[in-house]
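Each remark here refers to the structure printed beneath this line.
Derivation of every value follows stated rules applied to the coordinates shown; laboratory data play no part. On a predicted model such as this, the values are computed, not experimentally measured, just so you know. We place every Cβ from the backbone using ideal geometry, glycine too, and count neighbours over all the protein chains shown.
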Amino acid sequence: MEDQVFHLREKNISAIGLHSANKLNKKTFLNLFAKQHYKFIYISPEKLLSPFFRKLFQKNPPRFIAVDEAHCFSLWGHNFRPEYRKLPSYFSSIYPTPHLALFTATASSEVVKDIASNFDINKNNIYAGSFFRKNLFLSLKKFHLKSQRFLYICYLVFHKYKNQNGIIYCITRKEVEVLAQAIEKHDFHKQLKLAFFHAGRSQKEKEVIQKKFIDNKIQLLITTNAFGMGIDKSNIRFVIHAQMPSCMEHYVQEIGRAGRDRKQSFCELLIHPTDITVHENLSNNPSALKKITAFSKSKKCHHKKILWFFGEKVSDDSRCNACEYCSPSKDIFISKMNSKNKINSSQTFIKQQKIIFRYQQYPEFFNQYTAIGTGYSQDVLK
Ligand SMILES: [Zn+2]
């Protein structure tokens, strides 16, 4: 929200963000509001439905309302942000009725149906683009040991994506902090500028981290899904899911933060069997969890699985050339493996071995990381 307000203000368009972290001077606000100073008001559902703003907008109806990240209505409205579900009845209580537009980059056909029926949207007014992002190379790896997964993350951030901007997503705050600490400890040259982000950080800390990340002063951000909404940063080259996300919608939303400048970017989904248990303990939506588990198990083109999930028609025999199953280099690799000149060692493996060798100097951090697993309650989510 603050990021969008900032960009509008840069273009001399008056805007304000109204949310729980913004201490509002009501008198000043009302004064400017009465003068129609604000072209755009950004407001969270919780704030909008508070008695003060509820009355204000009923008396002074806005001409136009946009609901951004509209899939939250279906994904979050039933659980920890119930105000989302109250928006349709509130909007219909405003007269004259404002024009309404809802936007989302990640809505399955079920979510679209849910939004359309609740906000009374005619099907002729629903527009959908393709979910296919050909500049995102998708890959998925399963690990039997958490230690292996951690080493692979080290390989990615210190070697494969060295000097590039990226995000690592974890499920819980605790996991975010431990992973950040462990990566920092393994940064032997102290070159990686990283920070961790989750809903438990202070408002000031969040603002500083967000700004530094956007200004390329922080290279790697380790975060829960609390980070990202409304953030517009074009040069994110990689997104790593250090644990399985809770649902397909979150996964697609989060990988969608990579490569917005349309340059080649990479998305790595790293899975350990206990990720499912962590979600189950957090009481995340079981049917959504089932769907992303099925996604992770199916050995088919990752892009096509995403398109099918969101109801796009795509033939089974086409190749995306942007995932590990369809990559041209996969064929080259297989043909080399079958040729007389077999590959004896892979660079990846050698680099991982080097990291293992170095890790042996810091076993206590490694053990701390691998001990993290299940049992977190709802209050550490986000
Ligand atoms: Zn593919």
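Loop-only check: which chymotrypsin sites (Phe, Trp or Tyr not before Pro) in region 165-254 are DSSP coil with at most 13 other Cβ within 10 angstrom? Please report the intermediate quantities before stating the final value.
On the way: sites: 169, 188, 196, 197, 213, 227, 238, 251; in loops: 188, 227.
Those that pass, being in a loop and sparsely packed, are 188.
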Kirkwood hydrodynamic radius (Cα pairs, Å) of region 136-327? 17.1 Å
For region 2-125, taking Cα atoms only, what is the radius of gyration to one decimal and the Dmax to the nearest whole Å? 15.1, 44
Given backbone amide H placed at 1.01 Å from N, residues whose amide H is under 5 Å from that of residue 241, ignoring those fewer than 5 places away on the same chain, are 169, 268, 269, 270
Among 162/185; 190/217; 162/290; 35/55; 160/304; 162/211, which pairs are too far apart, with a Cα-Cα distance over 24 Å? 162/290; 160/304
